[in-house]
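The values are calculated or read from the model by the stated rules, or taken from the named source; none is laboratory data. For clarity, every value in this text was computed on a predicted model and none was experimentally measured. Heads up, the Cβs are rebuilt from the backbone with ideal geometry, glycines too, and the neighbour counts pull from every protein chain shown.
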């Protein structure tokens, strides 16, 4: 009996942890791509281009795309941006990396057909910009 209770508690704990994990978009017929410029990413302004395509490779137009940039450690205020469609299925936004380190971007989109998705894009190693000034 004691073994069953321990096993049940272990299963419940694992299910609870799985519920906290960040997953894919949850839409098997939608592909989400993202590119960040400059490369390698630096502290300061960056351009993020999100590409949404169907499983047939066709661009998904007319979506509303929001970006949320976060560092991988707690304590930083998220950086938010709204992306504009610049080409069919391509959405562009400017995002400000406010500190060096590892970041991730949550891409949230509402498609033209009303379905929603969320995808996490990792941006490791955002570097500090080093400005060298000559000595007088």
Problem set entry | Residue check, residue 47 within 13 Å of the chain's Cα centre (by Cα) and either surrounded by 12 or more Cβ atoms within 10 Å (Cβ to Cβ) or not in a strand (DSSP E or B) (or both) | no
For this session: For residue 69, indicate whether it is within 28 Å of residue 124 (Cβ to Cβ) and modelled with pLDDT under 95.
Result: no
Problem set entry | Scan of the stretch 53-69 for residues that are crowded, with 16+ Cβ neighbours inside 10 Å and part of a strand (DSSP E or B), ordered by number | 53, 65, 66, 67, 68, 69
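Table: residues versus (1) farther than 17 Å from residue 34 by Cβ; (2) assigned to a loop (DSSP other than H, G, I, E, B); (3) in contact with a strand residue (DSSP E or B) (Cβ under 6 Å, 6 or more places away or on another chain); (4) in contact (Cβ under 8 Å) with a residue 24 or more places away in the chain.
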| site | (1), (2), (3), (4) |
| --- | --- |
| 73 | yes, yes, no, yes |
| 81 | no, no, yes, yes |
| 95 | no, no, yes, yes |
| 106 | no, no, yes, yes |
| 109 | no, no, yes, yes |
| 113 | yes, yes, no, no |
| 117 | no, no, yes, yes |
Exercise. Restricting the search to the stretch 83-93, which residues are part of a strand (DSSP E or B) and without any contact (Cβ under 8 Å) to a residue 40 or more places away in the chain?
Worked result: 83, 84, 85, 86, 87
